[in-house]
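Accompanying notes for the structure given below.
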Amino acid sequence: MKKANRGVTRRRFLQSTAAGVAAATIVPRNVLGQGETPPSEEFGGALIGCGGRGGGTFGCLGPGVRRLASCDVKYKDRCDNQTFYVDFRRVLERKDIDVVAIATHPGWHALISIAAMEAGKDVVCEKPMCRFIAEGRAVAEAEKRFGRVFQIEAKGGYRANKVRKIFESGLLENCDSVYIQRGGKKVKEWSGMVKYRVEDVPANLDWDLYCGPAPLRPYHRHRFGGTHRGYWDYEGGGLADMAHHALHAPAYQFGRDLTAPVEITPHAPPAHPEACGLWGWCELKYADGFTVVLDSGEWGEPYGRLEPKHTSEGDLLNMLSEDDRKKLDAMPDPEPLPMFPEAIRTRRPTGSNAERSQRVATIYHLANVAFRCGRPLKFDPDTEQIVGDEEANRLVNQPMRAPWRL
């Protein structure tokens, strides 16, 4: 992948340090016309992936962002490489683009996010952050390496509370808490077609670039647009599509964005190698004993192995000794993290930065790996590898079609 030319503009230099932010000349809004944005607060933005979610994702960039470019593989008939683009790499070469919203299918999320941060852009990316676990780790490492701001759509901004503080403190070493999520994963709705006829590629669509790092399959309209969610090549079914919505807040609350599950127990029918399908439930247990249960309610008998328990502040405090409760009270509260519009001005990580979002994504990706393999798994949160199961590990770090690679 060609590296974008990253010039250091005055605005980018000022944004990159706290001293620069303090020293920057801010033009008050009352000096300008009604509703206008001061030049010192304005950013150049681009939307990559202009389908149904595109407008909402771009809106997460916040006020003061001017849309300078729109990029989509379906723009072959209007591409001018000035306002409309087909190839995201041409967008990232532009020095006047400061922030990027990514709303392609998830098979592109990681690669474009990494390329954008390498090119000096801050990023809002649609959920899910990645298609498989190793991609998410690469995004998190790029966020650190290039010092950029990253956010998963409009997630984040949760207020720290006592429950979060308990888990973040590290004082609670043994925990038998059970958190159960029932339904809401659109499993049937976002299942793929096992059989389909080959169709002609629309003239305005760059099908090769759409597939990108995924295998170059024959075109069918069900693989394009919102129904792409039903194919492992591009996403992970209704679970990958909806679980970041459902899990982000509780993962923050219960400190599940600090590590990953170690034992995964699935219940599902055999999975198809290309098309995402039905599943019943999955238990994901952490090293400290905390268990997350995802219950689809769309296949098999309703989940009944465990009951929700010990997730309230009172229950968790009762698990601590008197000395540990005193230590907890003496600790500072977890620092609240900003949303994207504030983060790009203060250069602080967002509430859904890539490291935290990687841990959230790992929950549902591990469930999908277990569904596809059809057996329980053990996972090492430090190496982010399945323990003793090479077949499953091939789904943790999946091959990409040349020339694309992490």
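Of all residue pairs spaced 6 or more apart or on separate chains, those with beta-carbon atoms under 6 Å, a first member in segment 322-340 that is farther than 30 Å from GLY45 by Cα and a second member that is surrounded by 10 or more Cβ atoms within 10 Å (Cβ to Cβ) and hydroxyl-bearing (Ser, Thr, Tyr) are LEU328/SER169; MET331/SER169. Looking only at residues in segment 70-99 that are closer than 24 Å to LYS127 by Cβ and in contact with a Gly (Cβ under 7 Å, 6 or more places away or on another chain), the one that is surrounded by the fewest Cβ atoms within 10 Å (Cβ to Cβ) is ILE97.
Taking the conditions exactly as written (surrounded by fewer than 21 Cβ atoms within 10 Å (Cβ to Cβ) and outside the structural domain of ALA392 (by TED's automatic domain parsing)), does ARG148 satisfy them or not? Walk me through how you get there before you give the answer.
Working: surrounded by fewer than 21 Cβ atoms within 10 Å (Cβ to Cβ): no; outside the structural domain of ALA392 (by TED's automatic domain parsing): yes.
Taking the combined requirement at face value, the residue does not satisfy it.
Out of the residues in segment 46-68 that are within 18 Å of the chain's Cα centre (by Cα) and among the aliphatic types (A, V, I, L, M), state the one that is farthest from PHE88 (Cα to Cα). Selected residue: LEU61. Being in contact with a Phe, Trp or Tyr (Cβ under 7 Å, 6 or more places away or on another chain) and either under 27 Å from ALA367 (Cβ atoms) or not assigned by TED's automatic domain parsing to the domain that holds GLN253 (or both) is the requirement here; does ALA287 meet it? So ALA287 fails the test. Within segment 171-185, residues that are at positive phi reach partners that are part of a loop (DSSP other than H, G, I, E, B) with beta carbons closer than 9 Å, at six or more positions or on different chains, in the pairs GLY183/SER296; GLY183/GLY297; GLY183/GLU298; GLY184/SER296; GLY184/GLY297.
State yes or no: is SER357 crowded, with 21+ Cβ neighbours inside 10 Å, closer than 29 Å to VAL293 by Cα and in contact with a His (Cβ under 7 Å, 6 or more places away or on another chain)? Spelling it out, it is not the case that SER357 is crowded, with 21+ Cβ neighbours inside 10 Å, closer than 29 Å to VAL293 by Cα and in contact with a His (Cβ under 7 Å, 6 or more places away or on another chain).
Do the conditions hold for GLU153, that is, is it under 15 Å from the mean Cα position of the chain (by Cα), charged (D, E, K, R) and closer than 11 Å to GLU355 by Cα? Even if it seems obvious, please write down each step before you answer.
Numbers: under 15 Å from the mean Cα position of the chain (by Cα): yes; charged (D, E, K, R): yes; closer than 11 Å to GLU355 by Cα: no.
Against the criterion (under 15 Å from the mean Cα position of the chain (by Cα), charged (D, E, K, R) and closer than 11 Å to GLU355 by Cα), GLU153 does not qualify.
The values are calculated or read from the model by the stated rules, or taken from the named source; none is laboratory data. Please read all numbers here as calculations on a predicted model, not as lab measurements. Every residue, glycine as well, gets a Cβ built from its backbone with ideal geometry; the counts of neighbours run over all protein chains shown.
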